[in-house]
Amino acid sequence: MIALTFDNLGEAAEVQLGGEQTGEHFSVTDVLPKLLDALGEHGLSATFFVEGVNVELYPNALARIADAGHEVGYHAWCHEEWGGLDGEAQADNLRRGTEALERLGLRPAGFRPPGGALDEAGERALAELGYRYASPEGEAPRAGDVVRLPFRWPLVDAYWVLPTFAERREANGHEEGIGGFVEEARRALREDDYAPLIMHPFLWADPRTEEAERGLFARLADCDVLRMAEAAERVR
């Protein structure tokens, strides 16, 4: 199973770090249109995990993603570090975001927790809201009331280029650079039974990242790429 996914839309993650909420973030105004065009050019369907606050800031952008045939999943309200929330806060966050997306006619089937942590309280809250799958950090998919479709950090583009992951890269013996992501993605496509690729639109601000990931789109055009909800049904 190969899944192409994108995390973060707009400036939600930056707001968590003290940035300003503008509603005019380049990842939406500049990157998203050419990203959707590139996916369409190669006939690729993807899953976009977006923060709930984007319902208020970028409702038209969310509609464009869905209208292009892509799945819209949930990624917390404003990119809160999921492992730092207690059970009640997780449930409130999930309910708020789910209801907001539903008002746009977008009922999310899946959730990816920022930071990758997901405990039993979060899984219970997802089940109560009717989510079909979750995508926390982990290794192999697992069936259940809420199917687990985990991700691994080496298949995340941000892991290879952002300073916040420097310590994790060093511990794994990896050197900084988008080339590492491309190499790991190509290896996974050749060898792994389950390969969830995670990209971030805001990283296309670097032309090297945009060029590298466009190259991966061309490679993926020859593969059977699933939306995450489709992968969850296969596991189920």
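Some points to look at:
- Matching residues in region 55-75 - criterion: being under 23 Å from residue 18 (Cβ atoms), touching a helix residue (DSSP H, G or I) at 6+ places or on another chain (Cβ under 6 Å) and either among the hydrophobic types (A, V, I, L, M, F, W, C) or in a helix (DSSP H, G or I) (or both): 55
- Residues that are among the hydrophobic types (A, V, I, L, M, F, W, C), crowded, with 16+ Cβ neighbours inside 10 Å and over 11 Å from residue 231 (Cα atoms), drawn from region 122-149: 125, 126, 129, 134, 146
- Among (1) over 28 Å from residue 194 (Cα atoms); (2) in contact (Cβ under 8 Å) with a residue 12 or more places away in the chain; (3) among the hydroxyl-bearing types (Ser, Thr, Tyr), the one test that residue 5 misses: (1)
- Residues that are of a type in the set (Gly, Ala, Ser), modelled with pLDDT of 95 or more and not in a helix (DSSP H, G or I), drawn from region 1-43: 3, 43
- Exclusive hit being over 18 Å from residue 235 (Cα atoms), at pLDDT 95 or above, within 17 Å of the chain's Cα centre (by Cα) and small (Gly, Ala, Ser), set 105, 122, 116: 116
- Checked against the criterion of being touching a residue at least 40 places away in the same chain (Cβ under 8 Å), touching a helix residue (DSSP H, G or I) at 6+ places or on another chain (Cβ under 8 Å) and within 18 Å of residue 113 (Cβ to Cβ), the candidates 132, 168 yield just one match: 132.
The values are calculated or read from the model by the stated rules, or taken from the named source; none is laboratory data. Predicted model, so just to flag it, every value in this text is computed and none were measured. All Cβ positions, even for glycine, are placed from backbone atoms using ideal geometry, and neighbour counts span all protein chains on display.
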